[in-house]
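**Q** My questions all concern the structure below.
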Amino acid sequence: MKRHRDIQKLAYELFEKSGRCHGREIEHWLEAERIMQAREMDRHAADTEAAAVKKHVPRSDVRRHEPKKTVRTKKSK
């Protein structure tokens, strides 16, 4: 329902930008749908990229959290 209202609002904005030219309602509606779809795809791509970045741990951070290695030496007799 929200998507429908967003498209309706955008179509009206396109109608106003075109000089309130009547008879182009379908054209404005379809253009608004294309714009909304592109925005949704951009948002999805950004969310996917953010999730991938969040999962990635830089190599320098991995080394910082590795347990310290101990050097074992032979015992003297």
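**Q** So for the range 2-56, averaging the separation of alpha carbon pairs under 8 Å that are six or more residues apart and normalising by length, what relative contact order in percent results?
**A** Details: 21 pairs, mean separation 18.2, N = 55.
Value for the range 2-56: 33 percent.
**Q** May I pose another question? Quick check for me: using +1 on Lys/Arg Cβ and -1 on Asp/Glu Cβ, what's the dipole size of the range 2-56 about its Cα centre, in debye to the nearest 20? If you can, show how the numbers build up before the last one.
**A** Numbers: 12 positive and 11 negative charges, 43 e Å.
Using only the charged Cβ atoms, the result is roughly 200 debye.
Coordinate-derived values only; no laboratory data. This is a predicted model, so every value here is computed, not measured. In this analysis, Cβ positions are derived from the backbone assuming ideal geometry, glycine residues included, and neighbour counts consider all displayed protein chains.
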